Amino acid sequence: MAISRRDVLLGSAGALGAASFSFPAPAIAQSEPIKIGCLAAITGPSSAPTVGFNRGVNFAVDAINGAGGVKGRKIELVMRDTQGDPTKAVNATQELISQAKVHAIWGPLNSGEALATTPIMARAKMPDLHPCVVETLIDPVKFPNAFRIAPSNNQWDDAVRNYCLKILKVKKVAVIGDTTGYGVTAVGASVAAFKKDGAEVVYQANIDATQPDMTPDMLRAKNAGAEAIVVWSVSTGMEARMFNTRAAMNWDVPFVGHPSMASGELASLVAKPENWKKVYAIGYKSCSYDSAGKLPPKSEDLVARLTKANIALNDTLLWWVAGGIDCIELIAKAVAESGSTDSAAIVNYWNSLSTYPGYFGNYRFSPTQHNGYLTEEIVMSESSTAKNGTFALAPGYT
């Protein structure tokens, strides 16, 4: 069966399958690479998502380049470590645009940085894909070049709040986040939504993610009568200390919230495996296995390919890896379809995607809608059931 180089970008014969096929080298390859800038917190307390995202990004780039590139053009990653610092992210963004002259940017990977960099990319008309959830980061009028490939914070917040109120049936919650721009924004939005739905927020706080002792805040939440603790932070270290403190207090309260609470990193950070029990994190249909331990077929195939390529999943989340793959393929597909690395051509292609079948989930973009991830793809996961970055559904959730 003949498979064109255009076919290599997506679908069952996509970039992930490229290693399974042989492609002749193009007769005349353009010499200029497709340069993709990556703004990632490789180090620092917000680095957990980067581990998974980077594995997906590198896997997709290797697969596409190994198949001959995009119409003969290889992809070149230009990675910058932002350390979770908005100032460093701003400096890196300016350098990627003015000096490295990248054609598109993936990231930043957390909202605190993206709040600072998104206007810069808009002024430079730089095509940008990111997984950051703060609502204001997506605005097709103000930021016509920025597209989100993860749910927005409202979508996450709705899933968490509905699980607390309708399934756990709690009436009093504590809402805790870190002190990043994301943590502060997410806590504020979560508190307002809980109150609007008639719940009592008995304690709220933003904690430095490097704070070694979580006992004071946990005691305040307990003494206030919290029946569930809602967490908004990407810091697995902070979360592990909260879980360990709960156990030391002998407090049987559930944690509900951010996807990072299900990161495989936590298995090595909690003092005892049971400290990770009763932790329910935002998850996705593509990364949830059934009672027989089976993922959806496309995800099963993805995990098999990643395993064959020795891509570790036990210490991260599959959705982070899959999201990294999707971002590279979205950029590569835009160049292949438009025949250009011109920013307007890339953005116009993304604006045309009424249905796009990614590995993380299905996306839908238009000139007036740059929130691409579909709400129906979101579920809640039982964190301690982690298996290769995938999970069983949280109790009571369907």
Within the range 339-358, tally of residues that are open to solvent by 20 Å² or more (accessible area, probe 1.4 Å) and either assigned to a loop (DSSP other than H, G, I, E, B) or among the basic types (Lys, Arg) (or both): 7
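Name the single residue that is most open to solvent (accessible area, probe 1.4 Å) among those in the range 287-305 being among the hydroxyl-bearing types (Ser, Thr, Tyr) and closer than 16 Å to Ala394 by Cβ.
Ser291
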Where a residue in the range 269-296 is under 17 Å from Glu376 (Cβ atoms) and its partner, wherever it lies, is open to solvent by 80 Å² or more (accessible area, probe 1.4 Å), with Cβ under 7 Å and at least six apart: Pro296/Lys285
Filtered residue count, the range 237-269, keeping only those that are of a type in the set (A, V, I, L, M, F, W, C) and open to solvent by less than 10 Å² (accessible area, probe 1.4 Å): 10
Filter pass, Met214 being crowded, with 17+ Cβ neighbours inside 10 Å and touching a Lys or Arg at 6+ places or on another chain (Cβ under 6 Å): yes
Among residues of the range 193-211, those that are crowded, with 22+ Cβ neighbours inside 10 Å, closer than 13 Å to Val256 by Cβ and among the aliphatic types (A, V, I, L, M), counted: 0
Condition check for Val379: assigned to a strand (DSSP E or B), more than 18 Å from Ala146 (Cβ to Cβ) and out of contact with any His (no Cβ under 6 Å at 6 or more places or on another chain): yes
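The values are calculated or read from the model by the stated rules, or taken from the named source; none is laboratory data. All of these numbers come straight from a predicted model, not from anything done at the bench. Methodologically, a virtual Cβ is constructed for each residue, glycine included, from the backbone with ideal geometry; neighbour enumeration extends over all protein chains shown. To get the accessible areas, we keep the full protein, side chains included, count just its heavy atoms, and leave off ligands, DNA and RNA. Shrake-Rupley method; radii C 1.70, N 1.55, O 1.52, S 1.80 Å.
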